[in-house]
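Q: Handing you this structure, nothing more for now.
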Amino acid sequence: MVEYKGVMLDSSWELALAKRLDELRIVWERPKPIKWADNRGDVHYYFPDFYLPDYDLYLDPKNPAAYQNQKEKIDILSTTYKNLRFIYTLKECIEFKIK
């Protein structure tokens, strides 16, 4: 964990993305959890890493190991929340652009 501007971040990828968002002057915050239901219908809460209120967009960096461990959940979340974008490389965190 690392502190950046008073916010605790969990990884170097999150730090890189936070710095990039600041560089682009994009307002970001740590969001509240969002609800999702698994394939059995059980409801869970997911904690994306960033929320961009001016774009109504959630961002969540995922390294390859985390993606493989959470693939089913990520697939469901990507279908459920069209405003949730997963980032799969450190390079994408460093070079992030709003599409």
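The values are calculated or read from the model by the stated rules, or taken from the named source; none is laboratory data. Owing to the predicted nature of the structure, the values given are computational and were not obtained by experimental measurement. As a convention, Cβ positions derive from the backbone with ideal geometry for all residues, glycine included, and neighbour counts pool all protein chains shown. To get the accessible areas, we keep the full protein, side chains included, count just its heavy atoms, and leave off ligands, DNA and RNA. Shrake-Rupley method; radii C 1.70, N 1.55, O 1.52, S 1.80 Å.
Q: Label points 7 Å out from Cα along the Cβ direction at Tyr55 and Asp38: separation in nm?
A: Those two pseudo-labels are separated by 3.1 nm.
Q: Go ahead and set up a Gaussian network model of the chain, Cα springs under 10 Å, then flag whichever of Leu57, Leu77, Leu24 fluctuates most.
A: Among Leu57, Leu77, Leu24, the largest GNM mean-square fluctuation belongs to Leu24.
Q: Among all lysine pairs in the stretch 31-99 that are eight or more places apart or on different chains, how many have alpha carbons less than 14 angstrom apart?
A: The number of close lysine pairs in the stretch 31-99 is 6.
Q: When averaged across all projection directions, what area in nm² does the alpha-carbon convex hull of the chain cover?
A: Reported value for the Cα convex hull: 6.3 nm².
Q: Out of the GluC sites (Glu not before Pro) in the stretch 12-99, which ones are loop residues according to DSSP with at most 15 other C-beta atoms within 10 Å?
A: Passing sites in the stretch 12-99 are Glu95.
Q: Oh, and also: Among DSSP beta bridges whose residues both lie in the chain, state the antiparallel percentage, nearest 5.
A: Of all bridge pairs located within the chain, approximately 75 percent are antiparallel.
Q: Zone of Tyr45 (label point 7 Å along Cα→Cβ, backbone N under 16 Å): which residues in the stretch 1-36?
A: Of the residues in the stretch 1-36, 30-36 have backbone N under 16 Å from the label point off Tyr45.
Q: To continue, here is another question. May I ask you to give the percent of accessible area on the chain that is carbon plus sulfur, with a probe radius of 1.4 Å?
A: 51
Q: Round to the nearest 0.05 the FRET efficiency obtained for Leu24 and Thr89 when R0 = 25 Å and r is the Cβ-Cβ distance.
A: Given R0 = 25 Å and the Cβ-Cβ separation, E is 0.90.
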